[in-house]
Amino acid sequence: MIHLAHHTPGLAAPVVRFAPSPTGRIHIGNARTALLNYFFARKHAGQFILRFDDTDAERSTEEFALGIEVDLEWLGVAPDRKFRQSERVALYDDAARKLKESGRLYPCYETPDELERKRRLQIARGAPPVYDRAALDLSAEQRAALEASGRKPHWRFRLEPEVVRWDDLIRGDSHIDCASLSDPVLVREDSSYLYTLPSVVDDLDSGVSHIIRGEDHVTNTAVQVQLFHALGAAAAPHFGHHNLLIGADGQGLSKRTGALSIAGLREAGVETLAVAAMATLTGSSIAVHPVHSLPELAGLFDLAAISRNSARFDDEELQALSQRVLHGLAYDSVRDRLEAQDIVGFKAEPFWLAVRGNLNRFSDVAEWWSVVEGEVGTEPLADDFRAAAIAGLPPEPWDETSWGAWTQAVKQATGLKGKALFHPLRLALTGRESGPELAKLLPLIGRAKVLARLGA
């Protein structure tokens, strides 16, 4: 039996990695894994590696790799190191050679159809569908004959029939009996590598100390632990397997379909901090709530808070959370974004504080800036109302008390009150049925524009 001891956080600076395949854009479920690793590294003064698992040459593209980097940058995840597996094939070739020499990697010649027939027969007999290791019984002459007939071998890793046990950082005591597993294929017929071997080789070479990933990888752990030892590691990394985000329909998320892709959420105007909070807090004992910064969210990080149950993701909850995040953002945190919309100068900060609570998405600031600084279509007041409004307009300078003083004067002159007083003034000044408090907008619009919009 192999047993991996539990790591006590703080003993050493950890090295973690996020290893997406650039065969599509990452979605919020992938972001969950990236952020959990990133927060773990930052909490313990460790390193975060971005590794592109791009050995699938047919489906991996440069466009997807660059897109994933853009998505991570938008999330605020900054790797300490990054590399691509496609640049490291010589390392994998060397590891495969060592495994062949030690007898742990052996050639198999069955076709997919032959393997499927074996599997069905085992199931029909009530036996587990585990590879029968028939290839180990082939003589050198038989292997030569198969290759002469045109068959090329795929290569399987011979598992030791032992129980691999580890203290999972999230799930606690975990174990897998390797006698119940098929020897995994590590090398395809065309000599290309499946996920497992390059991943273990890179983890070894990069000094990865902790592997935090989705619970769909739990069954891979025992194989990888054996592979670490077969390649000469004194110990395997520590493992933690988090629950997976599932959609509101109960189905898993897939980057193949673009479901809830980070790029799509960004383009829809969802706030970064809402995505990050939703990705990390959903399915934990910490309630999903607005945060004001990524360091604040990182400070809440605790692997022990993650539940064993599936984490149901609700897009409507994300949209609502995004608005709550937006409404609480300080001016300094959006200054650059406002400048990108040409919202600058002495009005920029009071403008943001005035309008932020009425935004559905950040891009809505452009509409309200046009109300303050531009020309808007407004609705004229009735003549008597308009005359009273112009006459009662106080002199500048204005502050947030000016609106109350003005409306009180108009009320006394016209006898109007409540909605009959305020709504026509809002339409005359902004052209909008609703919006930010006019007490805050009025000083930003200024007396000259107010008079012009009243038709003075």
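The values are calculated or read from the model by the stated rules, or taken from the named source; none is laboratory data. These figures come from a predicted structure and were not determined experimentally. Cβ: placed from backbone, ideal geometry, glycine included. Neighbour counts: every protein chain shown. Just so you know, the surface numbers come from the protein's heavy atoms only, side chains and all, with ligands and any DNA or RNA stripped out. Shrake-Rupley method; radii C 1.70, N 1.55, O 1.52, S 1.80 Å.
Data for the structure
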{"quantity": "Computed over segment 310-371: relative contact order in percent, which uses C-alpha pairs under 8 Å that are six or more apart", "calculated": "40"}
{"quantity": "Per-pair calculated FRET efficiency, R0 = 60 Å: S293 and A145 via Cβ, rounded to 0.05", "calculated": "0.35"}
{"quantity": "³J(HN,Hα) computed for each position of segment 356-363 - Karplus, 6.51 cos²θ - 1.76 cosθ + 1.60, integer Hz, glycine/proline x", "calculated": "4, x, 10, 8, 7, 8, 4, 4"}
{"quantity": "Accessible area per residue, Å², segment 392-452 with all protein chains present, probe 1.4 Å", "calculated": "48"}
{"quantity": "Among beta bridges that DSSP assigns inside the chain, antiparallel share in %, nearest 5", "calculated": "45"}
{"quantity": "FRET E, pair R432, A12, Förster distance 41 Å, beta-carbon r, rounded to 0.05", "calculated": "0.10"}
{"quantity": "Sequence-distant residues sharing a close amide H with D168 (under 5 Å, placed H)", "calculated": "D173, S174"}
{"quantity": "Ranked by how many other beta carbons lie within 10 Å on average, peptides 90-96, 234-240 from highest", "calculated": "234-240, 90-96"}
{"quantity": "Stokes-Einstein translational diffusion, the chain - Kirkwood Rh over all Cα pairs, 1.306 mPa s, 10 °C, in µm²/s", "calculated": "60"}
{"quantity": "With DNA, RNA and ligands ignored, accessible area of R171 (1.4 Å probe; Å², nearest 10)", "calculated": "60"}
{"quantity": "Computed FRET value (nearest 0.05) for D342 with A382, which takes r as the C-beta separation and R₀ as 41 Å", "calculated": "0.70"}
{"quantity": "HN-Hα J in Hz across segment 81-86 - Karplus 6.51, -1.76, 1.60, θ = phi - 60°, x for Gly and Pro", "calculated": "9, 8, 7, 10, 5, 4"}
{"quantity": "Restricting segment 398-456 to trypsin sites (Lys or Arg not before Pro) in coil, as DSSP defines it, with at most 13 other Cβ within 10 Å", "calculated": "K417"}
{"quantity": "Accessible surface of segment 304-456, 1.4 Å probe, proportion on carbon and sulfur as whole %", "calculated": "47"}
{"quantity": "Net charge of neighbours whose Cβ lies under 15 Å from the Cβ of Q341, counting Lys and Arg as +1 and Asp and Glu as -1", "calculated": "-2"}
{"quantity": "Burial order of peptide ranges 41-50, 134-143 (average beta-carbon count within 10 Å, highest first)", "calculated": "41-50, 134-143"}
{"quantity": "Summed side-chain charge close to P436 - residues other than P436 whose Cβ falls under 15 Å, Lys, Arg +1, Asp, Glu -1", "calculated": "-2"}
{"quantity": "In nm, spacing of pseudo-spin labels at R97 and A413 (7 Å Cα→C-beta vector)", "calculated": "9.3"}
{"quantity": "Amide H within-cut-off set for H210, under 5 Å, with H built and near neighbours excluded", "calculated": "V15, H238"}
{"quantity": "For segment 160-171, Karplus couplings with θ = phi - 60° (6.51, -1.76, 1.60), whole Hz, Gly/Pro x", "calculated": "7, x, 10, 8, 9, 10, 9, 8, 5, 4, 10, 8"}
{"quantity": "Whole-number percent relative contact order across the chain, with pairs defined as alpha carbons under 8 Å at least 6 apart", "calculated": "14"}
{"quantity": "For S284, distant residues with modelled amide H under 5 Å away", "calculated": "S307"}
{"quantity": "Lysine pairs within the chain, Cα separation less than 25 Å, 8 or more sequence positions apart or different chains", "calculated": "15"}
{"quantity": "Peptides 60-66, 273-279, 164-170 ordered by average Cβ neighbours within 10 Å, highest first", "calculated": "273-279, 164-170, 60-66"}
{"quantity": "The chain - mean residue ellipticity at 222 nm from DSSP helices (-39,500 (n - 2.57) per run, n ≥ 4, rounded to 500)", "calculated": "-13500 deg cm²/dmol"}
{"quantity": "Fraction of beta bridges assigned by DSSP in segment 29-175 that are antiparallel (%, nearest 5)", "calculated": "65"}
